[in-house]
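Below: one structure, written as structure tokens.
Every number in this text was worked out from the coordinates using simple rules, so none of it is lab data. Everything quoted here is computed from the prediction, not taken from an experiment. So basically every Cβ, Gly included, is an ideal-geometry build from the backbone, and we count neighbours across all protein chains shown.
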Amino acid sequence: MGAVITPEEVLRMSIPFDMLPEDELVHLAALMEKHHFDKEKVLYHQDYTKMKSIDLIAEGSYELYFYDSDRNKRVVEQIGPGSVYGGISVLFNKKRSIRTVTVQPDTTIYTLDRNIFKDLTVKYEDFARWFSTDFGRNMLNEEYAGFLRVKSNEVANYIASDHFFSKSLKTIPVKRLHTISPDKSIQEAARYMTSEKTSYVFVAENNELLGFVTDITLREKVIATGINISDPVQEIMENPIVEISEDALIYEAILLMFRSKIRYLLVTNEKGYKGVVSRNKLLTDYATSPFVFIQSVKLAVSLDELKKKWNRVPDIVFQLLSRGVRAEIVNQVITAVSDSITHKIVEEALHEFGEPPVNFVFMALGSEGRKEQTLKTDQDNAIIYQDPEAGKEEEVHAYFMRLAEKVSENLNYVGFHFCTGGFMARNPKWNQPLSAWKSNYEKWIGEPQPESVMNFSTFFDCRAIYGDISLMASLRASIHEHLASPSAMFFYQLANNALQYEPPLTFFKNFRTFSQGEQEVLNIKKAMTPIVDLVRLYALKHRIYQTNTGERLVELYEQDIITKAEHFELMQAYYYMMAMRLKRQAKNVIRKIGEPNNFIEPKSLTKIEQVTLKEVFKVIEKFQLKIKIEFKGSLR
């Protein structure tokens, strides 16, 4: 053995302990225990041994690996002095060692009690983030990720606990709201963040929040650009500031942060701002949830990786539904994965083609636009771009057509098939400047024909995925204006559209089926369509711009447009069918029966499922009758 290495020295050379303050390192050093191993020994067994401490290697090395079913070592890794083992296991694997660990001869380590370690992850966000990021990188390795799955024939466990989907933000601690005035210098802001040991600060004036600054802001806008650190901090502050009520569920907060691409949420209550919650903290606390998987999608570096990620989604869907997670939540998880994949593909295409000539927004339509995506999905998308200078129209349009073609081809490769109806940005009709889009909507509302009403319905359910959202805001303002005085036939034609499909019940309230091969089936997607259409119809009439069917129903109820009973019936009917649809699709993929589809064989359902589905169809019939009276003035 060489010179004795002290606990302080081990901490200083071990990532990420080296980022902790000096006084914290001195304090921790006094709490650590030293151990020396003369011979090779198995210290921990994968997914079995409970980690009582975190190990910091001073001298020697560990060998990390998984055993497969044949007792072969897999994903073998050697780690030596300055390495840490156990942090990821404690945080992300219910304290059980993720891998089997063999200590090599003549190895010295220092151990730190796991509870002290967990306190550090609460106290220092950057410290906790290091483990979260490291875990995310490991999960990009399909072989590594495969060993973390529950040993089951069909499912993988991505849920930290059932409470994840039922607990509100009110039940978890939030960080204090740190603020600084806009006239303070960038240097003063950095010093404040250092003294308060925080990775963020909000810029505020007269109790109004104007923006925020994070460690990443300082790195990207100050260090990378060489901006003068004596400039006012308001020069580098970021927006938007995103808020959420403390009554919101934890999963809703994480989804909101993924959708808005922000790392910090302001938590509010009836008194005002309660504090701040960070994405990394929530991901650390609920690291085996589906959202760590979403994070791993964001870190994917190739189309093949993205394709593999999408192929794993059926496992997640089946597991969530099997655990009783509501279908609307599962929809949002699928949508978050899909959005991340699409965002990544658009980003890579832009990198290939270079800076776009004008601002643009890539938007999702249809079920993806409504955040109601399932496993049987095709592409529904479009591009709006800023009106170009005179004389450059063809050049600009050609750029966005090339971009759309590349994005569409790559989406198809990953698993989002081409739309047979042509509702894609690669179609020149749906890849246009803002003025053309405004003209389209004006025509659809002012001169409604069956085809234009169908187009309007599809494009009303639109949502930005990538780009300049102000273009969509401008388009929406134009739609709002035209909906104030639509053509007399507009809502009549929309009502007709909502009545095209009748629930598959016979006169005697048995299922009306059709033959699909040797099976008698019904199309559950078509059965759900009337609810989507009728809810959209009411939303349009009252100029409600939420895109999601469930969110529209909530707004219709809150504005006293529908009753509490109607709201409940429609929500239950829609999401009962959605859960049934998603579970059947997931089973098809997992059991390798075939591609996911929308066919349900009634005789394969339990008696309870059959009775419930018939009641659902009766609810739809009742509301279709209401539409006939209210929008068409007759029962025909």
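Here are the numbers for the structure shown:
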| quantity | calculated |
| --- | --- |
| Inter-centroid distance (Cα atoms) of region 84-110 relative to region 373-434, Å | 49 |
| Nearby lysines by direct alpha-carbon distance to K271 (threshold 19 angstrom, same-chain neighbours under 8 apart not counted) | K170, K175 |
| Dipole moment magnitude, nearest 20 debye, region 1-114 about Cα centre, only Lys, Arg, Asp, Glu C-beta charged | 680 |
| Computed [θ] at 222 nm, helices only, for the chain once each DSSP H run of length n ≥ 4 contributes -39500 (n - 2.57) | -14000 deg cm²/dmol |
| Contour excess over end-to-end distance, with Cα ends at A477 and F418 and 0.36 nm allotted per residue | 18.2 nm |
| Rounded tilt (10° steps) of 434-446 against the dominant C-alpha axis of the chain | 40 |
| FRET efficiency estimate (nearest 0.05) - Cβ-Cβ, K632 to D68, R0 60 angstrom | 0.40 |
| Likely footprinting exposure, Y385, Y575, fewest C-beta neighbours within 10 Å first | Y575, Y385 |
| Principal-axis tilt of helix 125-139 within the chain, Cα atoms, nearest 10 degrees | 70 |
| Value of relative contact order over the chain, rounded to a whole percent, pairs C-alpha under 8 Å and six or more apart | 10 |
| Tilt relative to the chain, helix 469-483 - C-alpha long axis, 0 to 90 degrees, to 10 | 20 |
| Residues with amide H under 5 Å from that of K274, placed H, sequence gap 5 or more | V267, T268, N269 |
| Full-extension gain in nm, L605 to N207, via 0.36 nm per residue minus C-alpha separation | 137.5 nm |
| Only Lys, Arg (+1) and Asp, Glu (-1) charged, at Cβ; the chain dipole about Cα centre in debye | 2620 |
| Subset of K52/K309; K95/K371; K592/K618; K281/K371; K118/K167 violating a 28 Å alpha-carbon distance limit | K52/K309; K95/K371; K592/K618 |
| Calculated FRET value between F568 and N269, using beta carbons and R₀ = 25 Å, to 0.05 | 0.40 |
| Cross-link reach list, lysines versus K443, counting only Cα pairs under 20 Å and skipping chain neighbours closer than eight places | K429, K541 |
| Centroid-to-centroid separation of region 185-232 and region 303-326 [C-alpha atoms, Å] | 39 |
| Options [x] 0.94; [y] 1.00; [z] 0.98 - which one matches Rg/Rh (Cα atoms, Kirkwood Rh) as calculated here | [y] |
| Cα gyration tensor category, rounded, prolate or oblate, for region 356-482 with a/c compared to 1.5 | oblate |
| In sequence order, calculated HN-Hα J values of region 193-204 (Karplus, 6.51, -1.76, 1.60; Hz; x Gly/Pro) | 4, 5, 5, 8, 6, 10, 9, 8, 8, 9, 8, 9 |
| Gain on full stretching of the segment that runs from R96 to M13 - 0.36 nm per residue minus C-alpha separation | 27.3 nm |
| Relative contact order (percent, whole number), region 498-632, Cα cutoff 8 Å, 6+ residue spacing | 32 |
| Relative contact order computed over region 356-482 (Cα-Cα under 8 Å; 6+ residues apart), in percent | 38 |
| FRET efficiency, K509 to S245 (Cβ-Cβ, R0 45 Å, nearest 0.05) | 0.60 |
| Among S53, T121, S474 - extreme Cα towards positive end, dipole of the chain, charges at beta-carbon | S53 |
| Projected label distance in nm at S181 and E447, using a 7 Å step from Cα toward the beta-carbon | 6.0 |
